[in-house]
Amino acid sequence: MTLRLVSLFAFLVWVALPFGAAQSQTERAPDTMAARVLACASCHGADGEGTSDVYFPRLAGKPAGYLYNQLIAFRDGRRKYPPMNYLLDFQTDDYLKKIAEHFASLRPAFPPPSPPTDSKEILARGESIVKNGDPQHGIPPCSACHGPTLGGMEPGIPGLLGLRAAYISGQLGGWRYGTRTAIAPDCMQIVASLLTEDDVKAVAAYLSSRPAPADPSFAPHGSLAMPLECGSEPH
Amino acid sequence: MSRTSTGLLAGLALALSAVTALAQQKAADPAVIAKGEYLARAGDCIACHTAREGKTFAGGLAMKTPFGTLYTSNITPDPQTGIGMWTSDQFYQMMHNGRFPDGGLVYPAMPFASYTKVTREDSDAIYAYLRTVPPVKQLNQPHDLTFPFNNRSLILGWRTLFFKEGEFRPDPSKSAEWNRGAYLVEGLGHCGMCHTAINALGGSSQSQAFEGGLIPMQNWYAPSLTSNKEAGLGDWTIEEIVDYLRKGVAAKGAVYGPMAEVVYNSLQYLNDEDVRAMAIYLKGLAQGTSPEKPAASLPSAESSLLLSLGKQLYDRECASCHGASGQGMPPDYPPLAGNQSIQMVSAVNAIRMVLNGGYPPGTAGNPMPYGMPPFAHRLSDDEVAAVVTFIRTSWGNRGEPVSARQANELRAATLN
């Protein structure tokens with residue numbers, strides 16, 4: 001082989017090597033929040049829209065402050081649900097804030113409302129509590145804090161539409177029995193403990209039967225005069 | 001001696017020890033305190049001595065053991081409820097010999113069998129640091145142990161069998177780095193608490209050091225650090241081990257389960273030199289090279305059914321992140337092909353990762369980790385067994401198949 005051929009060969013090897021090395025390197029995961037929170041998708045949907053499992057809530061479009069409070073509460077054990085407590089155990093405040101902001105920014109379509117399986121009377125009782133409360137028993141209307149459109153209020157109050165009856169009654173039950181707690185004063189704990197079993201059923205039935213909101217956004221901070229103090233929604 | 005004079009004497013002794021403690025506090029120099037803080041991180045004191053949402057180092061964390069529940073103690077400098085009255089001698093006695101200032105025996109949930117290797121100088125630095133943390137007045141909760149384990153004198157028996165007192169002795173035939181790594185892994189790191197099997201008497205046998213075992217109550221398997229078939233690091237580069245310990249993710253795999261806690265609270269805070277030293281020591285623990293991969297020992301009709309279902313599930317649920325050939329997208333989505341953690345004799349961890357999912361810890365080096373979704377609610381026992389069998393036996397992996405019953409049993413494992 002002549003010297004020239006040898007050097008040509010060496011040159012080819014030199015050109016081809018880094019290319020080959022680059023090829024053999026495996027691909028990196030996309031540097032996005034969506035790829036990082038794929039772990040949430042099997043219960044909450046890839047865009048936080050919820051799944052067919054009625055016990056798992058929609059996350060998309062809830063105020064970031066609310067989602068952040070929940071993530072912290074799960075991590076620190078204030079809100080008890082072992083699968084979530086376990087997943088968030090060793091994550092930092094900063095990262096949980098980014099996760100909250102990610103889901104708050106998404107606007108996937110709402111699911112069709114569940115066809116009501118409860119009687120008209122039950123739905124009417126639910127509607128009445130949601131809109132007017134039950135002044136006799138000291139129960140404020142849901143809409144007083146969650147807004148007339150039930151879209152929630154920044155930063156800490158979630159929207160109530162797009163959730164299934166099983167999830168809503170599960171959460172109200174959680175407050176009554178102490179598996180779900182929030183920063184004191186825990187206003188929802190107070191409200192939930194005033195509700196009867198029938199009230200819970202009626203509210204869950206009514207809320208889950210409502211169609212998607214035309215404007216799925218939350219009320220600005222401080223725009224609703226809240227009837228009671230809430231630790232998670234400071235003035 | 002009258003009761004009064006005994007009381008007086010006791011009072012005097014207490015006052016004296018308080019004076020000694022105060023004098024020691026004044027003498028501590030900031031460099032020693034900073035060193036103590038660093039060493040307290042290396043010993044991961046915070047993980048057990050701080051309850052969830054509790055005050056730092058005030059104790060009160062419930063530790064479930066097969067013998068009952070132990071509650072960790074207050075190690076803040078509060079004089080009544082913490083260790084504010086302790087002298088550095090008494091602190092060293094507890095670290096080195098597992099005895100309280102009054103001579104009482106410490107339950108071995110406190111890893112004094114490892115901490116005994118810590119030097120007096122390092123013990124004093126940790127002591128100096130603990131004197132500077134905010135004191136918290138919080139009484140220790142009494143332990144809730146079942147008979148006969150509520151009898152502290154039983155600890156004597158345990159100590160005879162499993163406790164060998166003695167500071168770390170460097171091996172002069174090894175490098176300074178290796179010795180530093182050994183000191184941290186065997187001493188403050190107390191890695192052997194999980195990575196050496198715990199027997200029915202709640203002890204670890206020195207002859208089985210770092211050979212792995214199931215962690216009681218938690219139902220995670222702490223892999224062997226000596227076998228390259230498990231978590232033996234013989235085939236890992238030093239860089240990969242350092243990444244794994246400090247960032248929680250590396251090209252060959254990610255931290256999960258109880259190890260995530262260790263990285264989150266302790267290892268991520270250690271400096272480069274120390275983590276590198278640990279890596280060198282750990283790599284050296286692994287014996288020999290990886291054994292030859294045996295041919296897959298599967299082909300019964302049942303296994304091939306399991307495998308074809310497993311492949312179907314893998315392609316549908318796993319391949320988008322872990323790759324069609326199990327290559328993953330390291331370090332974010334760990335590779336499954338060649339991943340030692342998946343092929344160990346114990347399939348507990350692989351099954352639990354499929355059931356429960358998991359996130360590596362958020363660390364300074366990897367602040368926004370990628371996570372694995374739980375599948376417990378979506379896959380049946382048969383499906384979990386099929387997909388775990390598939391990943392344990394594909395792409396040259398040499399794990400054994402798992403059964404639906406194994407998958408079912410782990411559904412009840414405690415999550416946290």
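Can you pull out every residue in region B:82-126 that is touching a Gly at 6+ places or on another chain (Cβ under 9 Å), hydrophobic (A, V, I, L, M, F, W, C), over 13 Å from B:Gly166 (Cα atoms) and part of a helix (DSSP H, G or I)?
Scanning region B:82-126 gives B:Ala125, B:Ile126.
Filter region B:375-392 down to the residues that are surrounded by fewer than 23 Cβ atoms within 10 Å (Cβ to Cβ) and hydroxyl-bearing (Ser, Thr, Tyr) and list them by number.
Of everything in region B:375-392, just one residue is surrounded by fewer than 23 Cβ atoms within 10 Å (Cβ to Cβ) and hydroxyl-bearing (Ser, Thr, Tyr), namely B:Ser380.
Could you list, in sequence order, the residues of region B:132-185 that are buried (at least 17 other Cβ atoms within 10 Å of the Cβ) and small (Gly, Ala, Ser)?
Within region B:132-185, B:Gly181, B:Ala182 meet the criteria.
Take region A:34-71 and flag every residue that is over 10 Å from the mean Cα position of the chain (by Cα), more than 10 Å from chain B (Cβ to nearest Cβ) and of a type in the set (A, V, I, L, M).
Within region A:34-71, A:Ala34, A:Ala46, A:Val54 meet the criteria.
Filter region B:330-369 for residues that are among the charged types (D, E, K, R) and at the interface with chain A (Cβ under 7 Å from one of its Cβ atoms) and give the result.
Answer for region B:330-369, where residues must be among the charged types (D, E, K, R) and at the interface with chain A (Cβ under 7 Å from one of its Cβ atoms): just B:Asp332.
Exactly one condition in (1) within 14 Å of another protein chain (Cβ to nearest Cβ); (2) part of a helix (DSSP H, G or I); (3) at pLDDT below 95 is false for B:Leu313; which is it?
It is condition (3) that B:Leu313 fails.
Let me confirm something: among A:Thr117, A:Thr92, which residue is within 14 Å of another protein chain (Cβ to nearest Cβ) and among the β-branched types (Val, Ile, Thr)?
A:Thr92
List the number of the failed condition for B:Met193; all other conditions in (1) closer than 30 Å to B:Ser224 by Cα; (2) at pLDDT 95 or above hold.
(2)
When you go through B:Leu285, B:Leu270 one by one, which is the residue that is farther than 22 Å from B:Asn408 by Cβ and modelled with pLDDT of 95 or more?
B:Leu270
Residues of region A:27-61 being among the charged types (D, E, K, R) and closer than 15 Å to A:Lys98 by Cβ, which ones?
Across region A:27-61, the qualifying residues are A:Asp31, A:Arg36.
For every residue, the table says whether it meets (1) at positive phi; (2) assigned to a loop (DSSP other than H, G, I, E, B); (3) modelled with pLDDT of 95 or more.
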site: B:Leu336; (1), (2), (3): no, yes, yes
site: B:Ser341; (1), (2), (3): no, no, no
site: B:Ile351; (1), (2), (3): no, no, yes
site: B:Glu383; (1), (2), (3): no, no, yes
site: B:Ala386; (1), (2), (3): no, no, yes
site: B:Thr414; (1), (2), (3): no, yes, no
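This table checks each residue for (1) within 23 Å of B:Pro367 (Cβ to Cβ); (2) crowded, with 20+ Cβ neighbours inside 10 Å.
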site	(1), (2)
B:Met217	no, no
B:Ala260	yes, yes
B:Val263	yes, yes
B:Leu282	no, yes
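Please count how many residues of region B:370-407 are touching a Ser or Thr at 6+ places or on another chain (Cβ under 8 Å) and at the interface with chain A (Cβ under 10 Å from one of its Cβ atoms).
Of the residues in region B:370-407, 5 are touching a Ser or Thr at 6+ places or on another chain (Cβ under 8 Å) and at the interface with chain A (Cβ under 10 Å from one of its Cβ atoms).
The values are calculated or read from the model by the stated rules, or taken from the named source; none is laboratory data. For clarity, every value in this text was computed on a predicted model and none was experimentally measured. Cβ: placed from backbone, ideal geometry, glycine included. Neighbour counts: every protein chain shown.
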